[in-house]
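The values are calculated or read from the model by the stated rules, or taken from the named source; none is laboratory data. Model, not experiment: these values are computed from the prediction. Cβ: placed from backbone, ideal geometry, glycine included. Neighbour counts: every protein chain shown. Ligands, DNA and RNA are stripped out before the accessible areas are found, and what is left, the full protein with its side chains, is counted by its heavy atoms. Shrake-Rupley method; radii C 1.70, N 1.55, O 1.52, S 1.80 Å.
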Amino acid sequence: MNRTVAPSMLSADFGHLERDTRMVDASAAQWVHIDVMDGVFVPNISFGFPVLKPIRRATSKLLDVHLMIVEPERYVERFVEAGADLVTFHYEATADPAGCIGRIRRAGAKAGISIKPGTPAEVLHDLLAKVDLVLVMSVEPGFGGQSFIEGSLAKIAQLRAMAREQGLETILEVDGGISARNARAVYDAGADVLVAGSAVFGAADPAAEIVRILEA
């Protein structure tokens, strides 16, 4: 597995978003993570299309867009048009996960699916072969700065085993409470990509913190 860090721009300084994006672009991080919240699926509101576009201009790295919105299929094309390379939606947010995956692919992006902490891994069994990535939420989605839910490690391991049983090399991403202190345990459980927000942007040296997470 290749270790990847995707700093979450939700924890960046919104008054200096271009500066913080360029810092990530120059760092060892391979992806840039964008959390999109609608105030309905989660009790918070964050980025939309107008903010994604300048982030896209400020980095050449993969834009990893995580939709925490209801009826994501209504908007996936617009996020791809705004610069998303990978669009991940929530299993719990749509009545037609397979249809949403198809729309993302037809729009020209890679497709990911995410599950909340309370959603069992088994619900993704028949969808694994259709997606490029599974995002395991290791906190309740909606806010940064929460503590990692330790039970997430077993879910990551279960999904990795499920993918192997199906002969898949599904990318496993984990988001929530990630830092250099727990990164190794999360990688060891089977994760490929770690999303880190507060740990990176709250550090005295964000670029150095990214390296610490990569090398944990």
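Quick look at the values:
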read-out: For volume of the Cα convex hull per residue in Å³, calculated from these coordinates, the label among (i) 106; (ii) 214; (iii) 129; value: (i)
read-out: Fully extended contour minus Cα-Cα distance, from Glu165 to Asn44, at 0.36 nm per residue; value: 39.9 nm
read-out: With all protein chains modelled, accessible area of Ile34 [1.4 Å, Å²]; value: 0 Å²
read-out: The chain - accessible surface per residue (Å², probe 1.4 Å); value: 43 Å²
read-out: Rounded to 5, percent antiparallel among DSSP beta bridges of the chain; value: 5 percent
read-out: Neighbour net charge for Ala207 - beta-carbon separation under 12 angstrom, K R +1, D E -1; value: -2
read-out: Most to least accessible of Ile178, Ile149 (protein chains only, probe 1.4 Å); value: Ile149, Ile178
read-out: Region 191-203 - phi-based ³J(HN,Hα) in whole Hz, Karplus 6.51/-1.76/1.60, Gly and Pro as x; value: 6, 9, 10, 10, 8, 9, x, 4, 4, 7, 6, x, 7
read-out: Accessible surface of the chain [probe 1.4 Å, protein heavy atoms]: carbon and sulfur percent; value: 50 percent
read-out: DSSP loop GluC sites (Glu not before Pro) with at most 12 other Cβ within 10 Å excluded, longest remaining stretch of the chain; value: 1-149
